[in-house]
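A short worksheet on the structure shown next.
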Amino acid sequence: MGVVSVVVVGAGDYGRTALEIARAINADGKKVKVVGFLDDDPSKRAMQSCPRLGDISWAAKHPEMSYVLAIANPASKRSIIERLEAFKLKYLALVHPTATVLDSVRLGSGVLVNAGARVVHDTTLGDFVSVNLNATVGHDCMIDEFVTIAPGANIAGRVHLETGALIGMNATILQNVTIGSWATVGAGAVVMKDVPARTVVFGNPARVVDHKQE
């Protein structure tokens with residue numbers, strides 16, 4: 001495989017994470033060259049020696065590049081992808097070499113799987129899903145687009161995380177549970193039953209503590 005030139009969209013903490021994943025992939029013998037990043041904030045001049053190329057509208061003139069969406073917040077991911085949709089860009093999936101992603105796992109566009117994560121057989125990671133440090137995703141799971149799974153979260157088998165769900169750090173989702181679209185599972189929560197869409201749950205066992213606006 002030749003060198004793949006990549007532009008990172010987002011220059012926050014998760015942008016640095018995407019850059020580190022790309023560099024780890026290179027160290028593992030593949031060729032992914034991060035040429036720079038895009039961010040609407042002009043104060044972000046450089047990130048670990050990679051230049052800021054411009055705001056995200058820069059992508060309109062460079063559809064030949066591959067892109068990585070380095071945004072953790074699910075709603076922000078969707079908002080940015082909607083802005084970029086007209087440009088017909090190609091989004092690269094990046095998997096850290098220390099992660100375990102079995103061959104039967106289906107990866108959507110723009111997926112990021114971080115160091116130490118484990119994703120096992122017959123699971124689907126939809127477009128722009130983020131699986132963070134040391135998180136685990138069990139067998140036969142359906143993880144829909146824009147979902148973010150925070151570090152250390154444990155997702156059991158046959159779980160469905162619907163579009164835009166956010167699973168907090170060290171949360172546990174028991175088997176056969178569905179987390180509704182745009183719901184948030186708080187850090188350390190233990191979820192034993194389905195969570196309605198656009199709700200926030202915390203605790204052990206997890207209980208609804210808030211409702212999100214449409």
Among the residues of the range 1-26, count how many are within 15 Å of the chain's Cα centre (by Cα) and assigned to a strand (DSSP E or B).
2
Output for Cβ contacts, cut-off 8 Å, separation at least six or different chains, first residue not assigned by TED's automatic domain parsing to the domain that holds Glu162 in the range 126-143, second in a strand (DSSP E or B) and surrounded by 24 or more Cβ atoms within 10 Å (Cβ to Cβ), reads none
Boolean, Ala46 is closer than 30 Å to Met142 by Cβ and not assigned by TED's automatic domain parsing to the domain that holds Asp144
no
Is the range 45-56 home to any residue that is farther than 20 Å from Asp127 by Cβ, without any contact (Cβ under 8 Å) to a residue 40 or more places away in the chain and in contact with a helix residue (DSSP H, G or I) (Cβ under 8 Å, 6 or more places away or on another chain)?
yes
I'm told Asn176 meets every condition in (1) in the same structural domain as Leu107 (by TED's automatic domain parsing); (2) of a type outside the set (Gly, Ala, Ser); (3) out of contact with any Lys or Arg (no Cβ under 7 Å at 6 or more places or on another chain) except one. Can you identify the failing condition by its number?
(3)
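The values are calculated or read from the model by the stated rules, or taken from the named source; none is laboratory data. Please read these numbers as outputs of a predicted model, since none were measured by experiment. Note: ideal-geometry Cβ built from the backbone for every residue, glycine included; neighbour counts use all protein chains shown.
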